[in-house]
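Just below is one structure, and these are the notes that go with it.
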Amino acid sequence: MEKAIKPEYILRLFVTGATPNSVRAITNIKSICEEHVRGKYLLEIIDLYSHQEMAELQQVVAVPMLVKIRPLPSQKLIGDMSDNKKVLEALGLTV
Amino acid sequence: MSNRTKKGLSALDNRTLKKTLTGITGLDEITEGGLPAGRPTLVCGGTGCGKTLLSLEFLVKGATLYNEPGVFMAFEEKAAELTTNVASLGFDLEKLQKSKMIKLDYVHIDRSEVEETGEYDLGGLFIRLGHAIDSIGAKRVVLDTIENIFSGLNNQGILRAEIRRLFQWLKDKKVTTIITGEQGNETLTRHGLEEYVSDCVILLDHRIKNQISTRILRIVKYRGSIHGTNEYPFLIDADGISVLPITSIRLDSKVSSKRVPTGIRALDTMLGGEGFFRGSSILVSGTAGTGKTSLAAYFVNEACNRGERCIFFAFEESPYQIIRNMKSIGIDMEDHVKNGLLHFHASRPYLYGLEMQLVEIHKIIQKVKPTTIVLDPITNLANAGSVSEVKSMLIRLIDFLQGKGVTVMFTALTLSTGTSEQTDEGVSSIVDAWLLLRDIESNGERNRGIYIMKSRGMRHSNQVREFLIRDTGLDLVDVYLGPEGVLFGSARETQQLSEAAVVAVRTNDSSRRNREIGRKQKVLASKIETLQEEFESAKEELSRASTEEELRKDIFEKDRQTISKKRSEANKQVKPGNKR
């Protein structure tokens, strides 16, 4: 990943350990990013079990939750990211 | 065999529900010990019914009274807003948060900000809550109002399953939880949370009647526990929530046979010489201006003079007004107020509903701990409720006061219908003693009469007395009972004067007769004296005569002797010569 350049897309995914939803969400978002914004994104995956205080700080309720930090406006997505179309729309990647 | 029974018993002990004290005034009494420990309780009700406050007080009291930290998870209000809102109730959330006794977490969900993209769960919420609980070692948790999640997220199926899982998880965590829920149209909560919380459900309500609001609490269900099933009014004021477990089911309060003087000696005399029983309830009824307030003030003043604490609940006049007015009949209540013996509590009855009024009275009584209270007048309470409501309120008040051994005097205004002696409130049957003050109009003036209609458990006069309000104080005088009937006021005075006149005339007559006798006696005495004197003089005359006679006799005898002597001498001389 080209960490040197400022990535266009900054995404943060909150998961809860290795639940089926978590695993699916990680797989799904990774494949979407690879397909549409390869090389232009930064995906941070946070396991809430090891960062419990993050849940309150980041207003996490439903998981998995994906936060699009950049580009603005910031956007929250919940679910296992299986609804491809919705994810793309929310990320501003309409085909 | 005995071993087996023992085992059975201990198993039973384990099965009986453990409870957590809420620390909320009255609620622990109704629930007989608080909420089910380690289990969720649902508190539901409409908007503004006090759910949030009740649940927050549960946490604050837990932290301050029972040393049990608590987590408050707010789905509605932000933490800062919450802190400000409850500061007016004397809950210092900031301090409690700093000392790690309370943790506030505001959960924000907005449907417009979140896109749902497939399967999810509420794992984030679980972690958040778990973290909050573990970070302060919480024993109590409040979720206020978790149903808001339903408006933030779409997938109802997931939410229901997750909430069910959450409640189970909370049970496993052994935290005592309050979950609040907004009341639905036909159901207790909009999203049927009551299905998941099967242990304890408390319903709060907020009713408006005659433009007066009353808050009501009812325990809909409490599995495995005895609990009060009635609707209990509750009050939210500067000290938080007070629920009133009003009706004492049993009539078993202890009674005193000690007596308290009324402050009017003549009235004590009418009551067998000693006054009312301590802890009894006394009704003073009468038409306007018959002196009910004065009588009540006298009663209270007398108690204060004995050094007892009293409360005067004034529903009509302000304390200053009462103090000023009572100075005109010779009692100064101001000193008692300054000494802290006399407490005035003046309010317009329609300020609160009846139940609120009752809760308020309870609170003040519990704070001041008086021996005597006055409610002046109860008639005004009817403005805030129907007659039957006032009656039931007063019955409960009397029950409460009897339990505390507080003597209470009610005054009630009766309308002069002429025949009916019944008070509007219909309380004359429930009080222990009833004084009736009555206007008696005759000869163009009004006078006050006082009757003792009843006085349980003591000999009392059946006579009407005239009730006098003078500059120097209150007094009772016997009315005139005579051939001309019962007379009051100036008629009585006139009668008394004319009687005095008759007596005077009679006295005059007899004294004249006495004087006549005296005179006659004197005349006769003088006559007797004259006769005596006459007799004396006669006697004297007679004795003088007899003395003279004696004297003469003596002299005569002497003379005769002398003569005869002389003669014999002469004879001797003559014999020789015989010629002279």
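Do you know which residues across the range A:24-50 are small (G, A, S) and assigned to a helix (DSSP H, G or I)?
Of the residues in the range A:24-50, the ones small (G, A, S) are A:25, A:31, A:39, A:50.
Selection gives A:A25, A:S31.
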Problem set entry | Those residues of the range A:79-95 which are open to solvent by less than 60 Å² (accessible area, probe 1.4 Å) and either more than 9 Å from chain B (Cβ to nearest Cβ) or in contact (Cβ under 8 Å) with a residue 24 or more places away in the chain (or both), in sequence order | A:G79, A:D80, A:M81, A:V87, A:L88, A:L91, A:G92, A:L93
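Could you please give the count of residues in the range B:75-116 that are hydroxyl-bearing (S, T, Y) and modelled with pLDDT of 85 or more? Don't jump to the end; show me each part of the working.
Filtering the range B:75-116 down to residues hydroxyl-bearing (S, T, Y) leaves B:83-84, B:88, B:99, B:106, B:112.
From what is left, the residues that are modelled with pLDDT of 85 or more are B:99, B:106.
Total meeting the criteria: 2.
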Exercise. Quick one: would you say B:G473 is closer than 26 Å to B:D268 by Cα, of a type in the set (G, A, S) and open to solvent by 50 Å² or more (accessible area, probe 1.4 Å)?
Worked result: no
For this session: Only residues in the range B:526-546 that are open to solvent by 100 Å² or more (accessible area, probe 1.4 Å) count as the first member; pair them with residues that are part of a helix (DSSP H, G or I) and of a type outside the set (G, A, S), Cβ under 9 angstrom, at least 6 apart or cross-chain, and list the lot.
Result: none
For this session: Filter the range B:158-175 down to residues that are surrounded by 15 or more Cβ atoms within 10 Å (Cβ to Cβ) and farther than 14 Å from B:L143 by Cβ, then give me how many there are.
Result: 2
Problem set entry | Number of positions in the range B:373-402 that are modelled with pLDDT of 80 or more and not in a helix (DSSP H, G or I) | 5
For this session: Assess whether B:F312 counts as being of a type in the set (F, W, Y) and part of a helix (DSSP H, G or I).
Result: no
For this session: Within the range A:5-32, count every residue that is in contact (Cβ under 8 Å) with a residue 24 or more places away in the chain and away from chain B (no Cβ under 14 Å).
Result: 4
Seminar exercise, completed: Scanning the range B:250-303 for residues that are more than 18 Å from the chain's Cα centre (by Cα), in a loop (DSSP other than H, G, I, E, B) and polar (S, T, N, Q) gives B:T287, B:T290
For this session: Identify, from the list B:E195, B:E186, B:E113, the residue that is open to solvent by 10 Å² or more (accessible area, probe 1.4 Å) and within 11 Å of chain A (Cβ to nearest Cβ).
Result: B:E113
Exercise. For the range B:117-136, what are the residues that are at the interface with chain A (Cβ under 7 Å from one of its Cβ atoms) and polar (S, T, N, Q)?
Worked result: B:T117
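Mind listing whichever residues of the range A:51-78 are assigned to a loop (DSSP other than H, G, I, E, B), facing chain B (nearest Cβ under 10 Å), open to solvent by 20 Å² or more (accessible area, probe 1.4 Å) and at negative phi?
First pass over the range A:51-78, keeping only residues assigned to a loop (DSSP other than H, G, I, E, B): A:51, A:58-62, A:64, A:71-74.
Okay, now just the ones that are also facing chain B (nearest Cβ under 10 Å), so A:51, A:58-62, A:64, A:73-74.
Within this subset, residues satisfying the condition of being open to solvent by 20 Å² or more (accessible area, probe 1.4 Å) are A:51, A:58-59, A:73-74.
Within the range A:51-78, A:H51, A:Q58, A:P73, A:S74 qualify.
Do we find a residue being more than 8 Å from chain A (Cβ to nearest Cβ), more than 52 Å from the chain's Cα centre (by Cα), touching a residue at least 40 places away in the same chain (Cβ under 8 Å) and open to solvent by 30 Å² or more (accessible area, probe 1.4 Å) anywhere in the range B:137-157?
First, the residues of the range B:137-157 that are more than 8 Å from chain A (Cβ to nearest Cβ): B:137-148, B:150-151, B:154-157.
If we keep only those that are more than 52 Å from the chain's Cα centre (by Cα) as well, we get B:150-151, B:154-157.
If we keep only those that are touching a residue at least 40 places away in the same chain (Cβ under 8 Å) as well, we get B:150-151, B:154.
Next, only the ones that are open to solvent by 30 Å² or more (accessible area, probe 1.4 Å) stay: B:151, B:154.
Scanning the range B:137-157 turns up at least one residue that is more than 8 Å from chain A (Cβ to nearest Cβ), more than 52 Å from the chain's Cα centre (by Cα), touching a residue at least 40 places away in the same chain (Cβ under 8 Å) and open to solvent by 30 Å² or more (accessible area, probe 1.4 Å).
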Exercise. Which residue, of B:V479, B:V464, is open to solvent by less than 50 Å² (accessible area, probe 1.4 Å), more than 25 Å from the chain's Cα centre (by Cα) and among the aliphatic types (A, V, I, L, M)?
Worked result: B:V479
Exercise. If we scan the range B:345-368, do we find a residue that is of a type in the set (D, E, K, R), farther than 19 Å from B:R396 by Cβ, free of Cβ contacts under 8 Å to residues at least 24 places away in the same chain and part of a loop (DSSP other than H, G, I, E, B)?
Worked result: no
Exercise. Given the conditions (1) closer than 30 Å to B:F467 by Cα; (2) in a helix (DSSP H, G or I), and given that B:V477 satisfies all but one, which numbered condition is not satisfied?
Worked result: (2)
For this session: Only one of these is aliphatic (A, V, I, L, M) and either touching a Lys or Arg at 6+ places or on another chain (Cβ under 9 Å) or closer than 30 Å to B:G291 by Cβ (or both): B:V523, B:V505, B:V464. Name it.
Result: B:V464
Exercise. So which residues in the range B:43-85 are among the aliphatic types (A, V, I, L, M), closer than 19 Å to B:I136 by Cβ and open to solvent by less than 30 Å² (accessible area, probe 1.4 Å)?
Worked result: B:L56, B:L59, B:V60, B:A63, B:V71, B:M73, B:A74, B:L82
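The values are calculated or read from the model by the stated rules, or taken from the named source; none is laboratory data. Quantities reported herein were computed from a predicted structural model and do not represent experimental measurements. Neighbour counts are summed over all protein chains in view; Cβ atoms, including those assigned to glycine, are modelled from backbone coordinates with ideal geometry. What goes into the accessible areas is simple: the full protein's heavy atoms, side chains included, and nothing from ligands, DNA or RNA. Shrake-Rupley method; radii C 1.70, N 1.55, O 1.52, S 1.80 Å.
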